[in-house]
C-alpha cells in the first residue's frame, strides 16, 4: 500500500499574556502578539498558526469581572487582528478569545482561512470550577462541536477542561474522523497541573490521533506538549519550554497516523456497545 506522505505544518505559539483589565490593554496585547507571530512566519512556511485558550486576554478573576468591556463578537478586534496575519502569510489562524453573544459570554476558539474568511468557531463545552479556575461564575458552556479540514487533515478543537471528558475526544475521532485534536489551554500551576500531561498522552494513544496541547507562557503556565498517535522510547512527545515563550514548528505526516492504526488496532478492536454486554451474577 502506498503511504500517504501528506504533511501539515503548524506554528504552535506558547505566548505570554499580560495582565489585562480593559479592551485597550487587550488590543495592545493583540498587536504585540501579532508582531511576534509575524516574525516567526517570516522565517518559515506553515499551514496553520495555533494560539492557546483565551490568547487575547488574561485568565484572571480581575479580567473576567470586566467581560462587558473585554469580551467581543466573532468579528471583533481579535478576528480583525488575526485576519490580517492570515491573509498576509496565506495561513490558517486558530485563536482564543472571550466571545460575547447578547448578555452571554463564552470561552471560544475561532479559525480564520488564508482568504480572511471565518472558517468557524468552537465554544468550550465543559467549564472548570476547581483549583485556580472560576469559569462557571462568568461563562456559559457551549452546545456544539466543530471540525474543519486543512490539506486533508481533519482538525477538531477542544479547550482546556474538555480534555478530561474522554467521550468528547473519542466522539471527535470516531464520529467526525478527526486526525488532529487541537487542544488549547490556560493551565495554571495549581494542584491539577501535573495530571495534564497524563491526559494528553492517554487521549493521543487511546484514540490514535495527533494531539497538540497548547498552553500560554508565564511563571505559572508553560509546558505545552505535542503527542503522537503512537509513542514509545523512540517516538516521544515534543515538550515546550517550562515557562518561557516558545514558537515551535511541528510537522504532522498523515502516514504516521495510518501506520499507528494499522500496527496497533485499538480502534478497530472496539466493541460497538459495551453497555449491551450482559452482567453475570456474582457467585
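Summary table below
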| read-out | value |
| --- | --- |
| Lone unmet requirement of (1) in contact (Cβ under 8 Å) with a residue 40 or more places away in the chain; (2) more than 17 Å from residue 125 (Cα to Cα); (3) outside any helix (DSSP H, G or I) for residue 189 | (1) |
| Qualifying position, being touching a residue at least 12 places away in the same chain (Cβ under 8 Å), touching a helix residue (DSSP H, G or I) at 6+ places or on another chain (Cβ under 8 Å), closer than 25 Å to residue 129 by Cβ and surrounded by 18 or more Cβ atoms within 10 Å (Cβ to Cβ), among 184, 224 | 184 |
| All positions within region 200-233 that are outside any loop (DSSP other than H, G, I, E, B) and more than 14 Å from the chain's Cα centre (by Cα) | 201, 202, 205, 206, 207 |
| Matching residues, region 22-53, being surrounded by 18 or more Cβ atoms within 10 Å (Cβ to Cβ), under 22 Å from residue 226 (Cα atoms) and out of contact with any strand residue (DSSP E or B) (no Cβ under 7 Å at 6 or more places or on another chain) | 33 |
| Options 153, 130: the member that is farther than 26 Å from residue 246 by Cβ and either modelled with pLDDT under 95 or surrounded by 14 or more Cβ atoms within 10 Å (Cβ to Cβ) (or both) | 130 |
| Residues of region 95-132 satisfying the condition of being in a strand (DSSP E or B) and on the phi > 0 side of the Ramachandran plot | 120 |
| In region 149-168, the residues that are closer than 21 Å to residue 6 by Cα, in contact with a helix residue (DSSP H, G or I) (Cβ under 8 Å, 6 or more places away or on another chain) and not in a loop (DSSP other than H, G, I, E, B) | 153, 156 |
| Condition met for residue 146 (in a loop (DSSP other than H, G, I, E, B), touching a strand residue (DSSP E or B) at 6+ places or on another chain (Cβ under 8 Å) and crowded, with 17+ Cβ neighbours inside 10 Å) | yes |
| In region 54-66, residue farthest from the chain's Cα centre (by Cα) [restricted to those that are farther than 20 Å from residue 32 by Cβ and surrounded by fewer than 17 Cβ atoms within 10 Å (Cβ to Cβ)] | 65 |
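The values are calculated or read from the model by the stated rules, or taken from the named source; none is laboratory data. Since we're looking at a predicted model, the values are computed, not measured. Glycine also receives a Cβ, built like all others from the backbone with ideal geometry; neighbour counts cover every protein chain displayed.
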